[in-house]
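Report on the following structure.
No value in this document is a laboratory result; all are computed from the given coordinates. Computed from a predicted model, the values in this text were never measured in an experiment. When we count neighbours, we look across all protein chains shown, and the Cβ atoms used for this are built from the backbone with ideal geometry, even at glycine.
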Amino acid sequence: MSGRLVNALNASTKVAEAFSDEATLRHMLRFEAELAHAVARAGLIPKKHAAIIAAACDAALYDPAALVPVARRSITLTVAVVKALTAEVRRRDEEAAAYVHWGATSQDVIDTAMVLQLAEAVPPLIAALHGIVAAFAKLARRHRATPMMGRTLMQPATPLAFGQKVAGWASDIDRATRRLEASYAETQILQFGGASGSLSALGRKAEPVMKALAKGLGLALPPAPWFAQRVRIAAFAQDAALVAGALGKAARDIALMMQYELQEVAEPSGPGRGSSSTMPHKRNPVGAGLALIAAARTAPLAATIVANLPQENERALGGWQAEWPTLAGLLEALGSAVESVAEVAPDLTVFADRMQANLDATNGAVLAERATFLLAETMGKDKAGALVEKALAKGGSFVEALGQLQAELNDPKAMLGYSPKFVDRLLADLRSAAPKR
């Protein structure tokens, strides 16, 4: 297992805590405690023994390191945890030890603990994502008509409003977040099927036990166990990767615009932030870099989970076992991206004068498309194109070389075209699509 130093740039500390050894044991043992209460209420085991089992379900009582070799020998962590729990219960009451893990199977514990960990990790990320969208929307509104150079295929293109670029970031992050919220909600279900999904060990008491267990854990009760039906988890993984990718898009643009040659935006500064080990003059795009690291990692992690959808029979070998650590890594990376962009979005510095200077540095060449279409209204596109090409070939100021349309080409509002209105449309869509809370 890699340590904190290796993962310093790859994981959010807060999300990592949700998948820590302590949290993993806490959620697995919570399942066992609620199971004991549920089967006791159904009259399957004595209530006094359920109370003893629940009291032994304290994560602080167990040594995670001691559980690892047992888990590897049995290919499931549940076996190790149940053995340790049974020993602790036996130490308290010999008879009660016979009722640990009543009617459940290993995957019941693992899958339910996994969705409980998602419940711990995901809601704070979603809240932070809403904050990022709001911050970018505010920035887009402020720069609704701030002209900047559009760039296509990494080269100067026609001007647009900087607000449109930022509103585009907000739009995609918002859309991806809404997908994540929906798929996350679908993961919040109990896994409880017993040995192969029939709960035959519980007989006629299966219904009340599973209802009580779901209620005790605060999870929805699905129509049936989902041991080998993993679309919910795969969809969530894909949507998590989409969020990281949407954050990465904003991060990529910010990093490019921070280049010394452009200097159009800057991340917030602070002691040591963005510093180089050898070059004191540097101010590296730290937040953008962390988000891009996450975007690079999340897509293949999500693909690992999707690749494991074709699982064998009622309970698989290797497929679902691969999900848990992969999903943890995916969420830790997503958390890193969310944390880094949440720092950047509210305090991104915009240098509108540099945006204008970069436009001016093209000597008006970026207005060539508009000139072509203005001229084409009276002479057709072929002749207009020839005139524009001739003016461009002269070098220097394109508008002066063209010798006409000075007023039209120097009109800042016309230069931006529909761009400010696209800002309005994107921001209005954010408001209309905002989740009800």
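Per 0.36 nm of contour for each residue apart, how much would the distance between LEU256 and LEU405 grow if the chain were fully extended, relative to their Cα-Cα spacing? Don't jump to the answer; show the numbers that get you there.
Working: separation 149, 0.36 × 149 = 53.64 nm, distance 3.30 nm.
That pair, LEU256 and LEU405, stretches by 50.3 nm at full extension.
List the relative contact order of the range 357-433 as a percent without decimals, with contacts defined as Cα pairs under 8 Å and 6+ residues apart. Display every interim value, and only then the final one.
On the way: 46 pairs, mean separation 18.6, N = 77.
Relative contact order for the range 357-433 comes out at 24 percent.
Between the range 213-270 and the range 54-99, how far is it from one alpha carbon centroid to the other, in angstrom?
What the calculation gives is 34 Å, centre to centre.
Under the 0.36 nm per residue contour assumption, what length would be gained going from the current alpha-carbon distance of ALA185 and ARG90 to full extension?
Numbers: separation 95, 0.36 × 95 = 34.20 nm, distance 3.80 nm.
So the chain would gain 30.4 nm between ALA185 and ARG90.
Using the Karplus equation 6.51 cos²θ - 1.76 cosθ + 1.60 (θ = phi - 60°), what ³J(HN,Hα) coupling, rounded to whole Hz, does each residue of the range 172-183 give in order, writing x for Gly and Pro?
Using θ = phi - 60°, the values come out as 5, 5, 5, 5, 5, 5, 5, 5, 5, 4, 5, 6 Hz.
Net charge around SER196, counting only other residues with Cβ within less than 9 Å of its Cβ (Lys, Arg = +1; Asp, Glu = -1)? Intermediate values should be presented prior to the final figure.
Numbers: positive: ARG315; negative: GLU314.
Within the 9 Å Cβ shell, the charges total 0.
Tell me, in nm to one decimal, what length is gained between GLU314 and SER20 on full extension, where the rule is 0.36 nm per residue of separation less the Cα-Cα distance? If you can, show how the numbers build up before the last one.
Numbers: separation 294, 0.36 × 294 = 105.84 nm, distance 2.92 nm.
That works out to 102.9 nm of additional length.
Please work out the Cα center distance from the range 165-189 to the range 379-420, rounded to the nearest Å.
Cα centres, the range 165-189 to the range 379-420: 41 Å.
Return the subset of LYS14/LYS165; LYS14/LYS211; LYS48/LYS211 for which the Cα-Cα distance in this structure is over 23 Å, preserving the input order.
Working: LYS14/LYS165 30 Å; LYS14/LYS211 32 Å; LYS48/LYS211 21 Å.
From LYS14/LYS165; LYS14/LYS211; LYS48/LYS211, over 23 Å: LYS14/LYS165; LYS14/LYS211.
Along the range 238-251, what does the Karplus equation 6.51 cos²θ - 1.76 cosθ + 1.60 (θ = phi - 60°) give for ³J(HN,Hα), rounded to whole Hz, x for Gly and Pro?
Here the 3J(HN,Hα) series is 4, 5, 4, 5, 5, 4, 4, x, 5, 5, x, 4, 4, 4 Hz.
Based on the alpha-carbon set only, what is the convex hull volume of the range 54-184 divided per residue, in Å³?
Working: hull volume 23.3 nm³, N = 131.
Residue-normalised Cα hull volume stands at 178 Å³.
Using only the Cα atoms of the range 357-433, each taken as one equal point scatterer with no solvent, compute I(q) by the Debye sum, divide by I(0), and report log10 of the ratio at q = 0.11, 0.13, 0.17, 0.22 Å⁻¹.
Relative scattering, expressed as log10 I(q)/I(0), comes to -0.37, -0.48, -0.69, -0.96.
How large is ³J(HN,Hα) for each residue in the range 330-335, as worked out from phi by the Karplus curve 6.51 cos²θ - 1.76 cosθ + 1.60 (θ = phi - 60°), to whole Hz, x for Gly and Pro?
Calculated HN-Hα couplings, in order: 5, 5, 5, 5, 4, x Hz.
Can you give the percent of C-alpha pairs in the chain whose distance is more than 40 Å? Intermediate values should be presented prior to the final figure.
Details: 35720 of 95266 pairs.
So the pairs more than 40 Å apart make up 37 percent of the total in the chain.
I'd like the distance separating the alpha-carbon centroids of the range 308-357 and the range 112-142, in whole Å.
12 Å
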